[in-house]
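Below: the structure, in structure tokens.
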């Protein structure tokens, strides 16, 4: 928003989690980045007159827009906590945790919810970060303007990061990892919850890039403040500037090309005033620790906010109308990595959305042959189109359904003309665009893709 006794239950198995649910042949996502912005209704962000045209128009044209994505509560903190733990809000988290107080009594109730009020969860309450570590996978929190890894108030202390100051615009309430004893009491938080500056180095290789990352801009560039204490405009304008700098770094990285998925969304819609929205989706229940999920605005959720997804496995311009919220996002990440489901992510209504409706370019089926040595049309080559390239010369874009070798031959349009290989022989990953610069403005092309001794050939004239 702008501006202890759990051992017995643990021993009784109250925290027992369902078995991992990842299906065989699931989407081959290896790296997920979630980039969280602040406090905007869907109509304000994605409308024709949006103050964030890069987010509203450019990025959906390159990936997918999910218009039916919702926050789960008001104010901010509860949404961040829900995203990584499946926990619903209580009065302290709805108030953005003005004092860094433990959740008390913290006993575990239905749906894995820690009962009581407070904001620092007992070590028995786990996060997706804990799950990933236990599974031998990696995670990171990248926090802009955070002065040191895992920065948070002392237990019981007032949170001094609630308001921005010149040179200090980090907000602990936008860094959910610091609210769990399971992370802050050991080395994991200091090792993995790091300043945003670490992102550049991590993106240099797939091995250094985590399986899951949460990226949080500071109070200016997440759109929270407007104007900002340093004179920048803030709001959607500064958020859009942040995305223009950060998104290309991610999408150009080896990890993104090697099975990456970038999700950009907001914590919540407007929480108060004439545009307040506390709508919900996905069967979200009333939280046991709160009288109203929408806090000061009657409603079951945090309002409609939308989400943009980018991945080599997404066809540009996809509109995915599946409903989703922060609980289903958590469920989606857990399913991708074969993890158990935490809190409300385990509810039947919390259906994962990282599936064929979103990853429209992913095809788990084996390519079909029509005869020996010949694949059926479209079995390998998903797309082969000629468009305007650089230097006023056309370029060919090819996308394959499966990893395969690819060769392109081009020449004059006349019949029986000799075609010459261009761009060399390549091996393409599924859905990754391959570009070939053409040597003339008109002619013909033969695209040959193969696996083993089987080939698919596509001919085009341009």
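Before moving on, here are some points about what is shown:
- Selection from the stretch 403-433 of residues that are crowded, with 19+ Cβ neighbours inside 10 Å, within 28 Å of the chain's Cα centre (by Cα) and at pLDDT 90 or above: 404
- Of all residues in the stretch 233-245, those being surrounded by fewer than 16 Cβ atoms within 10 Å (Cβ to Cβ) and touching a helix residue (DSSP H, G or I) at 6+ places or on another chain (Cβ under 8 Å) number 1.
- Some residue of the stretch 312-327 being at pLDDT 95 or above, in contact with a helix residue (DSSP H, G or I) (Cβ under 9 Å, 6 or more places away or on another chain), within 24 Å of residue 356 (Cβ to Cβ) and assigned to a loop (DSSP other than H, G, I, E, B): yes
- Given (1) at pLDDT below 95; (2) at positive phi, number of the condition residue 343 does not satisfy: (1)
- The set of residues from the stretch 252-290 being in contact with a strand residue (DSSP E or B) (Cβ under 6 Å, 6 or more places away or on another chain) and not in a loop (DSSP other than H, G, I, E, B) comprises 255, 260, 261, 262, 263, 264, 265, 266.
- Unmet requirement for residue 80, which otherwise passes all of (1) surrounded by 20 or more Cβ atoms within 10 Å (Cβ to Cβ); (2) within 28 Å of residue 255 (Cβ to Cβ); (3) out of contact with any helix residue (DSSP H, G or I) (no Cβ under 7 Å at 6 or more places or on another chain): (3)
- Some residue of the stretch 393-402 being surrounded by fewer than 16 Cβ atoms within 10 Å (Cβ to Cβ), at pLDDT below 90 and out of contact with any helix residue (DSSP H, G or I) (no Cβ under 6 Å at 6 or more places or on another chain): yes
- Any hit, the stretch 196-210, residues being within 17 Å of the chain's Cα centre (by Cα), farther than 30 Å from residue 180 by Cα, in a helix (DSSP H, G or I) and at pLDDT 95 or above: no
The values are calculated or read from the model by the stated rules, or taken from the named source; none is laboratory data. Predicted model only: the values in this text are computed from it and were never measured. Reconstructed Cβ throughout: ideal geometry from the backbone, glycine too, with neighbour counts over all protein chains shown.
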